[in-house]
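Data first, discussion second: the structure below is written as structure tokens.
What follows is calculated from the coordinates using simple rules that are stated; it is not laboratory data. Everything quoted here is computed from the prediction, not taken from an experiment. For neighbour counting, all protein chains shown are included, and Cβ atoms are generated from backbone atoms with ideal geometry for every residue, glycine included.
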Amino acid sequence: MGNIKIIDIKRSIFEDNDKDADKLRAELNDKQVFLLNLMSSPGSGKTTTLIKTINSLKEKINIKIMEADIDSDVDAIKIKESTGVDTIQLHTGGMCHLDADMTRQGLRNLDLEKTDLVILENVGNLVCPAEFDTGSHLNCMILSVPEGHDKPLKYPLMFQICDLVLINKIDVMSVFDFDIEKCKEYIYKRNPKATIIPISAKTGEGIDKFAEYLLNKVK
Amino acid sequence: MHELPIIKTVFNMVMEYAEKEHAKRVTTVYLEVGVLRDFIPEYLKKYWEYISTDTIADGSKLLIREIEAKARCGKCNTEYDINMEDLYNNKCPKCGYDKGELIKGRELIIYSIEIEN
């Protein structure tokens, strides 16, 4: 048996990624590109929301999309066909989130010249994407009505880190006994600084508010 | 399952230090984990066992110290323990204000490692 030695480390697991994320944000600032990290559960209506929002913004600003999924490229194809904007698909190879380095690698496949806004559609999951800073300027999540108004209680970290929460599918609130005031109260408890915008990607309600919010952030 | 990518990161960091020290074996890893991270210690240990198999850390122990959650009152700056049983109704014990800044409970730190060289 050799010598036993204790090595003091006292280092945060997230430290490397946090530093890398800050670096990526600075690089994007130099290029005057705004990066939005969009997160949600699977089936919350992310892709439909994106298509409507892009179509209402694409004449005013230059938008590019990065789709992250564990596998398949159906969302990327759908967005490209419905909006005409440049879209790339990232495969995370089984990973349930994106970190800053994976985001940087993905961005290399986009031409960022004259690009105002890049939207990263993160892997559909309310746990892991919340733990890793992607280097984005803004964290946004979509909570959809069928998921229930108590989601902010069950996934506290996601709601803590989000600057903007879109409550989607508000056209079916009565079917699901969704209490929007309770939901807002729970979100503000996790994050008093959050902005909340109720939308319906299907009817288009609230999409103009989301688009305006983004426009103000980008300009 | 969100413990797995985290354990991969822990493993890579541990290996980085072990190599620097020319370790022949890693025998123990000490982690500090904030209770608000929602990591289940049993899963962290299970994934650690899985990821360290057939490496110099094979058979090593992962010891976890949980760090309790604390907040600082947004009004009077009093520091207080967060009651995990009633997480969403915590108030400052001194002034009763219900909005506080989280100051402890989200850590995930490799505290130290024990190696043989």
> Is there a simple number for the mean count of other chain Cβ atoms within 10 Å of the Cβ of residues in B:103-115, and what is it?
Replying inline: 4
>> Can you give me the orientation-averaged projected area of the convex hull built on the Cα atoms of segment A:33-116, in nm²?
In response: 5.4
> Highest mean first, what order results for A:14-21, B:31-38, A:122-129 on Cβ atoms within 10 Å?
Replying inline: A:122-129, B:31-38, A:14-21
> Relative to the first principal axis of the alpha-carbon coordinates of chain B, what is the inclination of helix B:41-52, with its axis defined by its Cα atoms, in degrees from 0 to 90 and to the nearest 10?
Replying inline: 20
>> Pairs of alpha-carbon atoms within less than 8 angstrom and 6+ residues apart define the contacts here; what relative contact order does chain A have, in percent?
In response: 24
> Around residue A:89, which amide H atoms from residues at least 5 apart in sequence, or from another chain, sit under 5 Å from its own amide H, with H modelled in the peptide plane?
Replying inline: A:67
> Roughly how many whole Å is it from the C-alpha centroid of segment A:68-143 to that of segment A:158-186?
Replying inline: 23
> Hull surface divided by four, with the convex hull built on the Cα atoms of the protein assembly as shown: how many nm²?
Replying inline: 19.3
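To the nearest 20 debye, what charge dipole does segment B:36-117 have about its Cα centre, counting +1 at the Cβ of each Lys and Arg and -1 at the Cβ of each Asp and Glu?
Result for segment B:36-117 is approximately 560 debye, rounded to the nearest 20.
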> Looking only at A:101, A:111, A:22, which one moves most when chain A is put into a Gaussian network model with springs between Cα atoms under 10 Å?
Replying inline: A:111
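Of the cross-linked pairs A:60/A:169; A:23/B:104; A:151/B:94; A:193/B:99; A:184/A:217, which ones have a Cα-Cα span greater than 20 Å in the structure shown?
A:60/A:169; A:23/B:104; A:151/B:94; A:184/A:217
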>> Can you find, among A:54, A:68, A:43, the residue sitting farthest towards the positive end of the charge dipole of segment A:1-90, where Lys and Arg contribute +1 and Asp and Glu -1 at Cβ?
In response: A:54
> Considering every residue in B:20-33, what mean count of other chain Cβ atoms within 10 Å of its Cβ is obtained?
Replying inline: 2
>> Pick from B:54, B:86, B:98 the residue whose mean-square fluctuation is largest in a GNM of chain B, springs joining Cα atoms under 10 Å.
In response: B:86
>> With n ≥ 4 as the cut-off for DSSP H runs, can you work out [θ] at 222 nm for chain A, using -39500 (n - 2.57) per run divided by the number of residues, rounded to the nearest 500?
In response: -11000 deg cm²/dmol
>> Past 21 Å, Cα to Cα: identify those pairs from A:10/B:61; B:24/B:61; B:20/B:46; A:189/B:75; A:46/A:219, in the order given.
In response: B:20/B:46; A:46/A:219
> How crowded by other chains is A:90-97, given as the mean number of beta carbons from other chains within 10 Å of each beta carbon?
Replying inline: 1
>> Quick one: 3J(HN,Hα) in Hz for segment B:22-34, Karplus 6.51/-1.76/1.60 with θ = phi - 60°, rounded, Gly and Pro as x.
In response: 6, 5, 8, 9, 9, 9, 8, 10, 9, 10, 10, 10, x
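Under the √(5λ) rule applied to the eigenvalues of the Cα gyration tensor, what semi-axes describe the equivalent ellipsoid of segment A:152-219? Give them in Å, descending. Present the calculation step by step, with values, prior to reporting the outcome.
Details: eigenvalues 77, 70, 12 Å².
That gives 20, 19, 8 Å for the three semi-axes.
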>> Run lengths n ≥ 4 of DSSP H only: what is the helix-derived mean residue ellipticity at 222 nm for chain B, with -39500 (n - 2.57) per run over all residues, to the nearest 500?
In response: -8500 deg cm²/dmol
> When chain A is treated as a GNM, springs tying every alpha-carbon pair under 10 Å, which of A:134, A:103, A:195 comes out with the largest mean-square fluctuation?
Replying inline: A:195
> For the modelled label position 7 Å from the Cα of residue B:24 along Cα-to-Cβ, which residues of segment B:37-69 have backbone nitrogen atoms closer than 14 Å?
Replying inline: B:56-57
> What is the Rg over Rh value, at two decimals, for segment B:1-82, using alpha-carbon atoms and the Kirkwood definition of Rh?
Replying inline: 1.12
